[in-house]
Each structure stands twice: as C-alpha cells, then as structure tokens.
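I have placed the structure first, in the form of structure tokens, so that the comments after it can refer back to it.
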Amino acid sequence: MASSVSFDEITEHISPASLKREFDGNYVSAHATLHVLQWNTLAQGLSNPENNFVRVKNETIAFDTRKWRILEQILIRKPDLCALEEVDTYDCFLQYHLPKYGYTCFFTPKPKSPCFAFQHDSANFKGPDGILLCFKTDLFDEIQRYHYQKAECDTDQKPAFFSIFELKHKPSSANIIFVGTHLKAKKQFANIRSDQAQTIIQYLTEHYSTRAHIIISGDFNGEADEPFYDIIRKAGFSSAYRTVLNDKEPLFTTWKFRENEGIEQEQCRTIDYIFYKSEGLVPIAILKLPSKEDIGSNGLPSNEYPSDHLALEAIFNINL
C-alpha cells in the first residue's frame, strides 16, 4: 500500500528544501473531488545549461539530485491524476518508484524525441522523452488506455501526440476521460498547434458524449491569444486556472533565460493549462504560482525547483 511507504527516501536526497507553494481556494468539499496535476518536468536530456539555460549551473541539473526533486514534486500533494510531459526518466527511475506510492502509469515516448539530438551528453541522455499519465490505483478502475500518433502528411506538418486514460472514479462512479498532450514548440508554429488541438477535439467529439467528464492537461506551447486556445474553448472546455483567477490566466507558467547568438533572452510565458468540461466538473482550488521574487533572479530550473515549467494543480468538484 502507498501509505506504508516512507517519503523519507525522497526527502533525504533533497537539499536545500524545495520551493514552497500553497493552494488558493477551498479544497475541502462535501462533494466527491478530483485532484489533477499538470507538469512539464523538463527532460533530463534537454536540461544541460550550455546554450540552453544560461543562468543555471551544471550542479543544479545533476541527475542524481534532480530525479528525486522531480519525484517529490509529483507526489508531494498526492494528486489523483497526473499528466506529465518531457518525461525521459520513466524507464530509468520513475517506473520503479511511482507504483510504490500507489500510482498506475502509462508512458508513451515520442518517436522523434528532441532528446536524441543530445545522445552525446552521457551525463544527461536517458532516452526519448514522452507523456506520462498516472492515476491513484485505489481511486479508479481503468476502463482503457489509448495513445494517438497521427501520421505525418508532409514535412510541414507536426503530428498530434496525446494519451488518454478512460477511468471509473470509485467514490463518485463517474467516468473520467483524462487526456495528456504536448503541442509543437516555438511561437512561429501557432498554425500547427491549432491543427493539433483540432485533432484532439475531433477525437474526443467522435468518441465521447458532450456531457462526459473530460480533462485535457498539457504543455500547449502557446499563450491564450493563439487559435488553439479558442478551438478548445469553443468545444466546451474551460481553463481551471482562468476560472478560479476571475477570468485571467496566470502571469507565467514557465520562466527561463536562454541564449541566442550570444545574447541572453528572457522567456516568461503562460503555456501550460488544465482544461475541463464544465458540465461535469467545477474547479474549487488551484495551486498558486510563485512570483519571480520567490523563484530568484536566475529563473528556472533552480536549486529549489527541478523544471523550467511550474506544475499546475487543480481540485474539482465532480457533478453527476
């Protein structure tokens, strides 16, 4: 049982203590609730500071320490469902630990992972990154799992890439469709992200009722003014953070300093989201985002936080 496993095996590897975060909202409810974690963990193979995270030191991203911080951030608030992107540490680490804490996992590597470009980095290359979905084994019955990889039509198109758990939530008897995705990066590819979002919506529309309990979590690599965001919202989905934050997304979900042609560039954007179907789910609490002052002047990743993306967590009431 997960409760019999000591968290000490994780915390003994972590110093200094991790960035402190708290919930905003009332997460004690008379309803059946659902606690969802969304997080781009930052692939170990992409974490090397050279020409990437220019204010970050090698010791900050050392795998022997960083793997425990990643595990801690997944488990620290005991989410019911986890959608994790840029995971390249599943085969070598997470698959041995998450089940001990009561989680069932579904990992799908990217067939053309960018991590392969760094195979020469023996200290950090762990294989291809991908999407990892997890659920608390004692809270759900698994109905099915599915991974979608659309064939590439030509060199200008990026295939859609998403994974799905269809689950029965034991406390409420509700069927939950949980989707994890990671859309195409870089600002100039907004049209591809739009196509990818449309593919996800089309699949869900064809396979599930409009009143189904559906959550889409992911790193969408685009801000709320992009077409992909409107496509998802027009399909009947809302953003959990936007709902709780009075119709505003967070100031940022990723913050880092990178180098381009010898010039340091700050990247501070909101590109991670938890979308939900409002017919069956109501967000009642979210994990607050830290300020830049909380994080420190060098951005992310840091000695107190292992990724360049901040984890999002939302707690929902389940309406039947």
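The values are calculated or read from the model by the stated rules, or taken from the named source; none is laboratory data. This structure is a prediction, so every number in the text was calculated from the model and none was measured. Backbone-built Cβ (ideal geometry, glycine too); neighbour counts: all protein chains shown. For the accessible areas, the whole protein counts, side chains as well, though only heavy atoms, and no ligand, DNA or RNA atoms are used. Shrake-Rupley method; radii C 1.70, N 1.55, O 1.52, S 1.80 Å.
Counted residue by residue at 0.36 nm each, then reduced by the alpha carbon distance between them, the extension gain from residue 261 to residue 58 reaches 71.0 nm. How large is log10 of I(q)/I(0) for the range 30-318 at q = 0.11, 0.14 Å⁻¹ when the intensity is taken from the Debye formula with one equal scatterer per alpha-carbon? Relative scattering, expressed as log10 I(q)/I(0), comes to -0.61, -1.03.
In the context of the full set of protein chains, the range 209-320 has a per residue accessible area of 40 Å² (1.4 Å probe). Peptides 291-301, 247-257 ranked from most to least packed give 247-257, 291-301, packing being the mean of other C-beta atoms within 10 angstrom over each peptide's residues. Multiplying the residue separation of residue 77 and residue 20 by 0.36 nm and removing their Cα-Cα distance gives an extension gain of 19.4 nm.
Solvent-accessible surface (1.4 Å probe) assigned to residue 24 amounts to roughly 60 Å².
For the range 214-303, which whole percent of the accessible surface, found with a 1.4 angstrom probe, sits on carbon and sulfur atoms? Its accessible area is 42 percent carbon and sulfur atoms. With each label point set 7 Å from Cα along the Cα-Cβ vector, what nm distance links residue 211 and residue 143? So the label points at residue 211 and residue 143 sit 1.4 nm apart.
Classify the range 1-102 from the C-alpha gyration tensor, please: rounded if a/c falls under 1.5, else prolate or oblate depending on whether a/b exceeds b/c. Judged from the Cα gyration tensor, the range 1-102 comes out prolate (a/c at least 1.5, a/b above b/c).
Summarising the label geometry, the points placed 7 Å from Cα in the beta-carbon direction at residue 173 and residue 122 lie 5.9 nm from one another.
Other residues within the sphere of radius under 14 Å centred on the Cβ of residue 104, judged by their own Cβ, net out at 0 (K and R +1, D and E -1). Near residue 176, the amide H atoms lying under 5 Å from its own belong to 167, 168, 169; only residues 5 or more places off or on other chains count, and H is placed 1.01 Å from N. Can you give me the % of accessible surface on the range 72-196 that is carbon or sulfur? Probe 1.4 Å, all protein chains present, nothing else counted. C and S fraction of accessible area: 51 percent.
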